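J.: Could you have a look at this structure, given as structure tokens, before my questions?
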Amino acid sequence: MRKLFVAAALLVVVAACSSGESPALEGPPSSPATPVPGVASFHAAAFSFTLDAGNDTAGYYFTPAKIEAVKGSTATITVRNVGTVKHNLTIVSAHIDTDVDPGHTAKVTVPLGSAASVPFYCKYHRASGMTGTFSLK
Ligand SMILES: [Cu+2]
């Protein structure tokens with residue numbers, strides 16, 4: 001009888017642990033594999049992702065604003081305007097200057113080159129911080 005009680009108590013402890021994962025909203029990431037909000041990582045020579053261009057009461061933004069990739073890789077970017085005003089994707093080094101109306105998307109292919117970082121921005125809201133960076137390794 002006592003043995004059964006111990007087993008039951010253990011079960012309760014195990015259940016409490018598996019359902020008790022904290023949302024990790026405070027402190028540094030617990031492991032390097034934990035994704036950092038707003039950062040996307042790609043390891044292939046060619047990759048695709050959706051870049052949200054938006055605005056809200058907090059300001060103007062790109063999500064993700066930081067993209068980690070391999071030097072010499074090519075990014076195919078679907079720029080999705082999730083905001084309420086016209087946005088733009090400008091990448092000077094790749095000769096990209098593309099407008100996107102609210103609710104619309106635009107697709108661009110970007111050879112990223114071999115610089116350590118490739119900045120991008122919305123030419124209408126650059127001064128308001130609507131910028132991002134490709135970090136290349
Ligand atoms: Cu904008």
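J.: Can you name the residue in region 108-137 that is among the basic types (Lys, Arg) and closer than 20 Å to Val39 by Cα and, of all such residues, is surrounded by the most Cβ atoms within 10 Å (Cβ to Cβ)? Break it down into steps so the answer makes sense when it comes.
T.: Applying the first criterion (among the basic types (Lys, Arg)) to region 108-137 yields 123, 126, 137.
Now restrict to residues that are closer than 20 Å to Val39 by Cα: 126, 137.
Working: Arg126: 15, Lys137: 8.
For region 108-137, the residue satisfying everything is Arg126.
J.: Here is a further query. So in region 39-73, with the set limited to residues that are within 16 Å of the ligand (Cβ to nearest atom) and in a loop (DSSP other than H, G, I, E, B), which one is farthest from the chain's Cα centre (by Cα)?
T.: Among them, the one singled out is Thr57.
J.: Collect the residues in region 82-97 that are surrounded by fewer than 17 Cβ atoms within 10 Å (Cβ to Cβ) and not hydrophobic (A, V, I, L, M, F, W, C), keeping them in residue-number order.
T.: Thr84, Lys86, Ser93, His95, Asp97
None of the figures in this text is laboratory data; all of them are computed from the coordinates on show. This one's a predicted model, so the numbers in the text were calculated from it and none came from an experiment. With ideal geometry, Cβ positions are generated from the backbone for all residues, glycine too; neighbour counts draw on all protein chains shown.
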